[in-house]
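This report refers to the structure that appears directly beneath it.
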Amino acid sequence: MKDTVTYTVTKGSVRLDKSLTDNVDDLSRSRAKSLIEDGLVLVDGQKKKAKYDVKDGEVIQVTIPEPETMNVEPENIDIDIVYEDDDVIVVNKPQGMVVHPSPGHPDHTLVNALLYHSPLSTINGTYRPGIVHRIDKDTSGLLMVAKNNYAHESLSKQLKDKSNIREYIALVHGNIKENSGVINAPIGRSKKDRKKQAIVDDGKNAVTHFKVLERFGGEYTLVSCVLETGRTHQIRVHMKYIGHPLAGDPLYGPKNTLKGNGQFLHAKKLGFVHPKTNEQMIFETPLPEIFEQTITKLRNKYNQK
């Protein structure tokens, strides 16, 4: 069953996607863009692009498909819990595990495993309980999870205020000449491929700080990346943008790349202020075995100690 919303524009000279979010309840900007791209939004009976400037008096008709329903069931799946108390869980997610259920991945996710282990916050609804931030399926490493809504609000605010610590280790193609740098380029959905993110003029602000840790014969560089913002695929998109895509990346990397379990990207360090005690909490976790083995092979190949 589909829901149809119709309204007449009274505040013109704004983008169509912005107009939708202003006039349709509980509709995010990204969801509005998706509806427009899927042809589910009509302006005076005609399809328009998201950037179209609406005019006073135009009639907007929005068709909102009913979301697929899923039962998110607890599953007895082993997970690597680095820290836990009554408010938060810090988990070391393995490569290959999806963080939360979606129509394409209804089960066997980190959320299914966490629900079996403990009650979680309910702020993010049925499909993303406890999830304050995400990492990609083939990215490994540390995630903070909220067990109650008070903790969730505190951790979310820290993300918004950019006061927490998120440091990643990445192996990228090519030789980064600078020892360190900052990538400041807006990220949004690719205009050419909806599965990808890209650097786009109307994207969301995205800032990544990087530092070179090791170079391998001009072929590969090991870097530390610290996130100032947390956009979808941020490190993968930013490193490609400066000409150094992640090794093993099936979406943004070259076809001729190192074999692994997806991109060589690991969330190594995570820091936040505890919601109840106000204590600064900092956690680190070692690289996955395949990541360590690949670095060792590169060191041996290029005679590095």
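No lab work stands behind these numbers, since they all come straight from the coordinates. This is a predicted model, so every value here is computed, not measured. Cβ atoms come from the backbone with ideal geometry, glycine included; neighbour counts cover every protein chain shown.
Of note:
- Above-threshold pairs, the threshold being 24 Å between Cα atoms, out of Lys11/Lys191; Lys211/Lys268; Lys11/Lys157; Lys33/Lys195; Lys18/Lys204: Lys11/Lys191; Lys11/Lys157
- Selection from Ile295, His233, Leu155 lying farthest towards where the dipole of the chain points positive, charges on Cβ: Ile295
- Restricting the calculation to alpha carbons of the chain gives Rg and Dmax of 21.4, 70 angstrom.
- Nearest-20 debye value, the chain charge dipole, Cβ charges on Lys, Arg, Asp, Glu: 1460
- Extents of the range 2-65, taken as max minus min of Cα coordinates on every principal axis and listed largest first, are 26, 20, 20 Å.
- With the simple spin-label model, which puts each label point 7 Å out from Cα in the Cβ direction, the Glu84 to Asp38 separation comes to 3.6 nm.
- Residue exposure proxy: Phe272, Phe210, ordered by other Cβ atoms within 10 angstrom of their Cβ from fewest to most, comes out as Phe272, Phe210.
- Antiparallel bridge percentage (DSSP; both residues within the chain; nearest 5): 95
- Hydrodynamic radius (Kirkwood) for the range 188-295, which is based on Cα pairs only, to one decimal in Å: 15.7
- Applying the criteria of a DSSP loop state and at most 12 other Cβ atoms within 10 Å to the GluC sites (Glu not before Pro) of the range 216-305 yields Glu279.
- In summary, the aspartates and glutamates within cross-link reach of Lys301, defined as a Cα separation below 17 angstrom excluding same-chain residues under 8 places away, comprise Glu214, Glu219, Glu292.
- If you take the alpha carbon atoms of the range 104-221 and fit the smallest convex hull around them, that volume is 162 Å³ per residue.
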